[in-house]
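Here is the structure we will look at, set down as structure tokens.
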Amino acid sequence: MKLPKNKFKAALSSNKTQFGLWMGLPDSICAEIGAGAGFDWLLIDAEHAPYNLRGIQHNLQAMAPYDVSAIVRPAEGTTAIIKQLLDIGAQSLLIPMVNTAEQARQLVQDSLYPPQGIRGLGTSMARAAHWNGIPDYLHKANDEICLIVQAETQQAIENLEEIVAVEGVDGVFIGPSDLSASMGYVGNPGHPDVVAVVEQAIQTIIKAGKAAGVLAVDEKLAKGYAKKGAKFIGVGVDASLLATSVRNLATQFCDPDETTKLTAGY
């Protein structure tokens with residue numbers, strides 16, 4: 001049994017932009033459908049969607065047979081949560097709300113085994129180590145861990161040069177939704193002022209030799225960020241895609257007035 005190579009991490013150093021899908025429907029069938037769709041990566045969003053640890057593991061297992069990389073975003077980047085996610089087999093983590101270099105340095109420590117970090121040892125119970133079935137897992141695992149920190153506030157943007165300089169941070173993901181709210185444009189991540197900040201942030205990240213990422217469900221924005229050098233871009237959210245699709249289908253066949261009456265209790 002060999003330690004799986006982190007294809008997502010390896011691809012960050014290539015010239016190709018990786019496009020991915022945000023997963024917010026916590027069912028392994030949804031993960032399997034997404035995994036077979038042709039994306040470069042899928043992100044399990046445990047920050048905003050109702051995933052638990054076992055559910056995340058089931059989704060990782062569902063994705064494993066497919067040629068797609070898995071990224072996990074926890075609700076927060078704590079030492080205990082990071083340890084558990086790595087033990088169940090996550091190799092790439094996206095940590096939300098990282099506002100300072102101090103936070104980033106702690107996340108690096110949490111993600112790596114000693115001597116580089118403080119990740120706890122528990123390979124006999126870890127799916128990542130195939131329950132002690134991977135020889136020298138403890139000595140090889142650090143090389144395959146990919147740590148992406150998320151900059152999504154004005155404070156993070158102000159500290160971005162210091163954040164990207166942290167050794168062990170592989171990339172920075174710009175969260176345009178929360179960033180737009182932080183800038184006073186709630187619900188408008190496509191506002192020209194927000195786009196300008198995102199584009200400047202991408203350049204700062206690239207200049208530091210790190211990979212830049214962003215979520216952009218608008219095709220024009222996504223292609224624009226790719227041209228600016230973003231290496232990984234989320235271009236859709238499974239829950240939104242389903243919601244939009246079923247609503248559009250309903251409008252083709254259902255009388256909106258009658259539907260309103262039914263939902264209003266008439």
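Nothing in this text is a laboratory measurement; each read-out follows from the coordinates by a stated rule. In this text the structure is predicted, and so the values were computed from the model without any measurement. In this analysis, Cβ positions are derived from the backbone assuming ideal geometry, glycine residues included, and neighbour counts consider all displayed protein chains.
Report, to the nearest 10°, how far helix 53-63 tilts away from the longest principal axis of the Cα atoms in the chain, using its own Cα long axis and a range of 0 to 90°.
That works out to roughly 90 degrees.
Among MET23, PRO50, ALA239, pick out the residue whose Cα is farthest towards the positive end of the charge dipole of the chain, where Lys and Arg carry +1 and Asp and Glu carry -1 on C-beta, about the Cα centre.
MET23
Here are some pairs, LYS140/LYS227; LYS140/LYS228; LYS16/LYS140; which of them have Cα atoms lying more than 30 Å apart in this structure?
Result: LYS140/LYS227; LYS140/LYS228 exceed 30 Å.
List, largest first, the extents of the alpha carbons of the range 1-109 along their principal axes, each in whole Å.
38, 34, 30
In whole Å, how far is the Cα centre of the range 117-143 from that of the range 57-74?
Taking the Cα centre of the range 57-74 as reference, the centre of the range 117-143 is 18 Å away.
Specify the angular offset, from 0 to 90 degrees and rounded to the nearest 10, of the alpha carbon long axis of helix 101-111 from the longest principal axis of the alpha carbons in the chain.
Long axis of 101-111 versus the principal axis of the chain: about 70 degrees.
Using the Kirkwood radius over Cα pairs, work out the Stokes-Einstein diffusion coefficient for the range 130-232 at 4 °C and 1.567 mPa s, in µm²/s as a whole number.
Calculated translational D: 88 µm²/s.
Beyond 20 Å, what percent of the Cα pairs of the range 55-175 remain?
42 percent
Could you list, bin by bin from short to long, the percent of Cα-Cα pairs of the chain in 5 Å steps?
Going out from 0 Å in 5 Å bins, the chain shows 1, 6, 13, 16, 18, 16, 12, 7, 4, 3, 2, 1, 0, 0 percent.
Which of the pairs LYS5/LYS207; LYS5/LYS210; LYS2/LYS83 have their Cα atoms more than 24 Å apart in this structure?
LYS5/LYS207
To the nearest 20 Debye, how big is the dipole of the range 7-263 about its Cα centre, given +1 on the beta carbon of each Lys and Arg and -1 on that of each Asp and Glu?
Roughly 560 debye for the range 7-263.
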